[in-house]
Amino acid sequence: MAEWIIALLMMGGYLVFAFVLGMMAGKGRSFFSISEYAVADRGLGLVVMWFLMGGTIFSAFAFLGGPAWAYSKGAAAFYILAYTALGLLPWYLIGPRMAKLGAARGYFSMGDMLRDRYQSKALVVIVGIVSVLAFIQYLTLQIKGMAYIFNIMTADHIPFWVGALLSYGIVVIYVATSGVRGAAWSDVLQGALMFVVAWSVGLYLVFTLHDGPGAMFAQIAADRPGFLEIGHEGSKMSQTAYSTAILVSVVGFIMWPHLFMKSYTANEKTIKLTVIAYPLFAIFLVPVLFIGFSAVGVIPPTALTTPDGILPYLITNNLGATGLLYGIIGAGALAAAQSSADAITHGASVSFGRDVVYPLKPDLGDRVQILIMRWAVVAIGAVSYYLAIWGAAGLVQLLLGAYGSIVQFAPCVYGAIWWRGARKEGAIAGLVVGVGVNFWYQLVQKGVTPFDINPGIMGLIANVIIFVAVSLMCQSRDEEHVRAFHRT
Amino acid sequence: MPDIEKKRKTPEKVYAVFAIVILLLMMFPLYGLGNSAQPIIMGLPFSLLWVVFWIGVEFAGLIAFFRYEYGR
């Protein structure tokens with residue numbers, strides 16, 4: 001049997017297993033309950049929660065992008081560890097507060113909370129639209145990753161469109177039928193698989209291409225002074241760019257609506273134990289970076305068309321061509337992409353249903369809403385699939401801008417929780433200005449900012465100033481609902 | 001599932017200070033203390049070891065907060 005067929009069979013076997021698990025997860029649960037679909041009736045357990053939140057980090061980006069950063073940018077890749085370890089810290093305080101408010105006042109999405117606190121439809125719809133666009137961008141990346149992996153591991157026998165359709169089609173079906181529970185349970189399988197693959201590949205490469213990590217880093221430090229440091233001669237990233245990239249991730253990480261809405265899936269204790277586990281996920285990523293570092297000075301950059309190809313290149317050239325190995329690595333990488341894609345697809349469908357459609361047509365019944373969300377999975381899935389495989393040059397900028405704008409939700413969300421003076425006018429004005437400034441620096445200026453500060457931070461500065469100033473101007477109105485919100 | 005086991009209130013201000021300190025240790029100027037490829041300890045360059053070490057401290061700190069709130 002040809003090696004690529006063995007690889008294909010193994011990946012196929014994995015896909016079937018993930019699919020069955022995802023479908024089984026929703027069995028016996030109410031199909032027409034929004035609460036079940038969106039937040040698993042607020043009853044997810046600890047282990048499932050760990051994998052659900054961890055799977056989000058181990059995405060196609062971590063698997064393909066992590067090694068690529070280490071290989072091409074050196075110490076700048078440490079930023080990935082820092083933001084993984086720090087990103088969830090605010091959730092220790094926000095999460096339990098949201099869980100309590102959500103249960104008392106019936107929230108399913110981030111927009112539900114904002115609508116209740118600010119009493120503004122416009123704000124929720126803006127948040128919803130930016131989120132859905134950002135989700136599509138995020139999904140496009142994952143789908144491209146899946147297609148790429150399928151194509152490489154089957155030695156070019158499976159074309160991009162088929163690989164993507166198979167691996168992402170499965171995700172769409174189990175999310176549409178099983179909701180958040182489907183995403184969560186398949187993440188347990190996917191998480192376990194990708195840990196094993198990442199560690200074995202990383203350590204194997206370090207010990208075969210070099211004499212262990214110490215020798216490898218000593219060699220890199222000798223050959224490429226500054227490569228393992230930030231902002232020195234020979235480094236690939238400036239000190240402000242590095243610092244503000246971490247800062248923007250820490251502020252913005254939990255603003256991703258699919259992560260934020262997980263506050264409603266569990267109780268305080270589960271949320272806090274999830275935050276505690278996150279630093280460990282960052283440590284788990286270290287061997288993923290080893291994969292990239294192991295290629296520095298060994299694989300010439302001219303051998304690759306893009307740094308993102310470093311992991312597939314190493315696998316096909318340095319691991320020996322056995323179908324078994326390709327199959328396992330392929331399944332691990334698919335698992336990484338799918339475990340992110342399912343949570344994002346699910347989040348996008350809830351954002352679309354609750355934060356875009358529902359505020360515009362509040363007279364919809366629960367049954368219609370749930371059907372809208374389940375069909376949104378298919379629709380958003382189809383759009384992302386189309387964009388990933390065929391692309392659309394005009395839309396790319398818009399999606400990229402939305403992706404960078406998620407962090408701009410931070411002032412209005414933090415303000416809703418901790419500042420009684422926060423008002424809808426301030427929230428909307430701040431958000432619009434923040435998104436605008438971010439777009440300007442990210443897309444029009446091509447990322448060139450004063451002092452090399454992250455474009456998201458530039459947006460946040462403008463956002464906070466406008467948010468606070470405009471809110472202060474609107475204090476005279478009596479805000480009974482604000483008091484009710486803060487009493488809960 | 002109600003949180004019946006919780007013993008003490010979350011010390012929000014102390015937690016916020018803890019989180020900000022860990023964040024600052026990963027950013028410049030404080031990261032400048034660790035920003036050097038040499039020495040290579042336990043197989044890791046110092047610039048990476050610094051990040052990993054403080055992640056370890058963060059983990060220990062989070063456990064301490066949790067144990068303070070929930071006892072044991």
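The values are calculated or read from the model by the stated rules, or taken from the named source; none is laboratory data. The model shown is predicted, which means the values in this text are computed figures rather than measured ones. Cβ atoms come from the backbone with ideal geometry, glycine included; neighbour counts cover every protein chain shown. Note: accessible area is taken over every heavy atom of the protein model, side chains too, but ligands, DNA and RNA are not part of it. Shrake-Rupley method; radii C 1.70, N 1.55, O 1.52, S 1.80 Å.
Per residue, the solvent-accessible area of the protein assembly as shown (1.4 Å probe, heavy atoms of protein chains only, all protein chains present) comes to 38 Å². Here the label points at residue B:20 and residue A:203, each 7 Å from Cα along the C-beta direction, are separated by 4.1 nm in the simple model.
Top to bottom by accessible area (1.4 Å), largest first, where do A:116, A:366, A:342 land?
Details: A:116 30, A:366 95, A:342 0 Å².
Ranking A:116, A:366, A:342 by accessible area, largest first, yields A:366, A:116, A:342.
With the whole protein complex present, residue A:185 retains an accessible surface near 110 Å², based on a 1.4 Å probe.
Okay, helix-only estimate at 222 nm for chain A: each DSSP H run of n ≥ 4 adds -39500 (n - 2.57), divide by all residues, round to 500 deg cm²/dmol; what do you get?
-23500 deg cm²/dmol
A crude spin-label estimate for the pair residue A:232 and residue A:484, with each label 7 Å from Cα along the Cβ direction, gives 6.0 nm. Rounded to the nearest 10 square angstrom, residue B:63 shows an accessible area of 60 square angstrom against a 1.4 Å probe. So what is Rg over Rh here for the protein assembly as shown, counting just Cα atoms and using Kirkwood for Rh? Result for the protein assembly as shown is an Rg/Rh of 0.96.
Estimate for me the total accessible surface buried between chains A and B (protein heavy atoms, probe 1.4 Å, no ligands or nucleic acids), in Å² to the nearest 100. Can you show the working numbers first?
On the way: alone 18600 and 5790 Å², together 21040 Å².
Protein heavy atoms only, the A-B interface buries about 3400 Å².
How long are the semi-axes of the equivalent ellipsoid of chain B, defined as square roots of 5 times the Cα gyration tensor eigenvalues? Whole Å, largest first. Walk me through the intermediate numbers first.
Values: eigenvalues 211, 39, 9 Å².
Calculated on Cα positions only, the semi-axes equal 32, 14, 7 Å.
Please report the net charge: other residues with Cβ closer than 15 Å to the Cβ of residue A:17, K and R +1, D and E -1. The partial results should precede the final answer.
On the way: positive: none; negative: A:187, A:342.
Net charge in that neighbourhood comes out at -2.
Using +1 on the beta carbon of Lys and Arg, -1 on that of Asp and Glu, and nothing else charged, what's the dipole of chain A about the Cα centre, debye to 20?
Working: 28 positive and 22 negative charges, 276 e Å.
That gives a dipole near 1320 debye.
Could you name the lysines in cross-link range of residue A:121, using Cα to Cα under 26 Å and dropping any fewer than eight places away on the same chain? Those lysines meeting the cut-off are A:100, A:262, A:361, A:424. Kindly identify region A:153-275 as rounded, prolate or oblate by the Cα gyration tensor criterion: order the square roots of the eigenvalues as a ≥ b ≥ c, call it rounded if a/c is under 1.5, otherwise compare a/b with b/c, prolate if a/b is larger, else oblate. Here region A:153-275 falls in the oblate category. All C-alpha to C-alpha distances of region A:43-138, sorted into 10 Å bins beginning at zero, yield P(r) values of 12, 30, 36, 17, 4 percent in whole numbers.
Compute the longest continuous run of chain A that contains no exposed trypsin sites (Lys or Arg not before Pro); treat a site as exposed when its DSSP state is not H, G, I, E or B and it has at most 16 other Cβ atoms within 10 Å.
Segment A:30-419 is the longest.
Residues of region B:7-34 whose accessible area, computed with a 1.4 Å probe over protein heavy atoms, drops by at least 50 Å² once all protein chains are present relative to their chain alone are B:12, B:15, B:23, B:26, B:27, B:28. A Förster radius of 56 Å, combined with the Cβ-Cβ distance separating residue A:444 from residue B:7, puts the computed FRET efficiency at roughly 0.55. Taken along its principal axes, the alpha carbon cloud of region A:256-393 reaches lengths of 62, 42, 29 Å, longest axis first.
Put A:123, A:203 in order of accessible area, largest first, 1.4 Å probe: what do you get?
Working: A:123 0, A:203 65 Å².
Listed by decreasing accessible area, they come as A:203, A:123.
Distance between the 7 Å Cα→Cβ label points at residue A:219 and residue A:129: 5.4 nm.
Do any GluC sites (Glu not before Pro) in chain B lie in a loop, going by DSSP, with at most 13 other beta-carbon atoms within 10 Å of their beta carbon, and if so which?
Working: sites: B:5, B:12, B:58, B:69; in loops: B:5.
Filter output for chain B: B:5.
List the lysines whose Cα sits under 20 Å from the Cα of residue A:446, skipping any in the same chain fewer than 8 residues away. Output for residue A:446: A:73, A:236. For the segment A:264-274, counting C-beta atoms of other chains within 10 Å of every residue's C-beta and taking the mean gives 3.
Helices assigned as whole DSSP H runs in chain A whose Cα atoms extend at least 30 Å along their own long axis and whose mean Kyte-Doolittle hydropathy is 1.0 or higher are found at A:3-25, A:121-153, A:160-209, A:366-390. A 1.4 Å probe over all protein chains sorts A:232, A:346, A:486 by accessible area into A:232, A:486, A:346, starting with the largest.
Roughly how crowded by other chains is peptide B:62-71, in terms of the mean Cβ count from those chains within 10 Å of each of its Cβ atoms? Before the final figure, lay out the partial values.
Values: counts 10, 3, 0, 4, 6, 0, 0, 3, 4, 0.
Whole-number average of other-chain Cβ neighbours for B:62-71 is 3.
What a 1.4 Å probe finds exposed on region A:3-407 is 69% carbon and sulfur by accessible area, rounded to a whole percent.
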